[in-house]
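Written out below as structure tokens is the structure these notes cover.
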Amino acid sequence: MDTIVDMNELPDKARDVLKRIKKKYKVGFQPLRVRDVELQILQVTDLEHLLAGKDPFDDVSTFPFWVKLWEASLMLSDIMATLPVKPGQTLLELGAGLGAPGLVAASRGHKVTLSDYEPHILDFQRVSAAANGLHDVAFRMIDWTKPPEMEPFDTIIGAEILFRDEFFQPLLNVFDNYLAPDGTIYIAHDVRRKSVPMFLEVAQKDYEVAVKAQKMNSEDGEMTILINRLRRK
């Protein structure tokens, strides 16, 4: 059930962005509760039309992963809600899509940068951040093959970001460029994502990798989410 967010209460810039989004998508704010964090997330409401029967496991090259709040994203959001944070700690969410984990982290006090690869995805993130009064969130377009220069982050996170093996090395380069020396990476994926063990095998050359399997209920029944924590060796 949608929760009404008064457009007139949004900052002018966010209101203009939302108007632009509505010219292309049917959208609405939907509530997200993660432990004691309550957020309103701007989402596309006509998913069936947009996804058109595409399979996210078979059709990875064209599937619009950003458009859905995935179970792995919800699990990563839960981790962000419980992660201790010190003042000024920075966090980067890669392939953030709708940005739920990063927004939960921002609500907990992290200085968050949400990123993705297309401007319209960042528009959704901007509106959600504004609707929740999270004004100290940054937004960056990041091409993993040509990452822009940025200061290192204490934490890097990502949900459902591993699906094409040609991006394994670019992603590892991003980790190397953006992770602070004592930083931590958290990634979360559906256990059915075949690329995850292949990526971790490569990553283990430079990172200590911890894994946790967490079961959760979804619209399709019980599923298992793999959460990996990576730290430099």
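Values quoted throughout were computed directly from the atomic coordinates according to the rules given, and no laboratory measurement underlies them. The shown structure was predicted, so the numbers you read here are calculated from the model rather than taken from an experiment. Counting neighbours? That spans all protein chains shown, and the Cβs are built from the backbone with ideal geometry, glycine included.
A few notes on this one:
- Neighbourhood charge, 11 Å Cβ-Cβ cut-off, centred on Ala96 and excluding it, Lys, Arg +1 and Asp, Glu -1: -2
- Per-residue Cβ neighbour rank within 10 angstrom, fewest leading, Phe124, Phe163, Phe63: Phe63, Phe163, Phe124
- Global geometry of segment 97-171, whether rounded, prolate or oblate, following the gyration tensor of its Cα atoms and the 1.5 cut on a/c: prolate
- Histogrammed with a bin width of 10 Å, the alpha carbon distances of segment 7-232 distribute as 8, 34, 39, 17, 2, 0 percent, first bin at zero.
- Per-residue extension of 0.36 nm, minus the Cα-Cα distance of Leu10 and Met198, leaves a gain of 63.3 nm for this segment.
- Taking 0.36 nm per residue of separation and subtracting the Cα-Cα distance, full extension of the segment from Lys23 to Phe63 would add 12.3 nm.
- Within the chain, helix-based [θ] at 222 nm, where runs of 4 or more DSSP H residues each add -39,500 (n - 2.57), nearest 500: -8500 deg cm²/dmol
- Segment 98-233: C-alpha gyration tensor shape, a/c 1.5 cut-off, then a/b vs b/c: oblate
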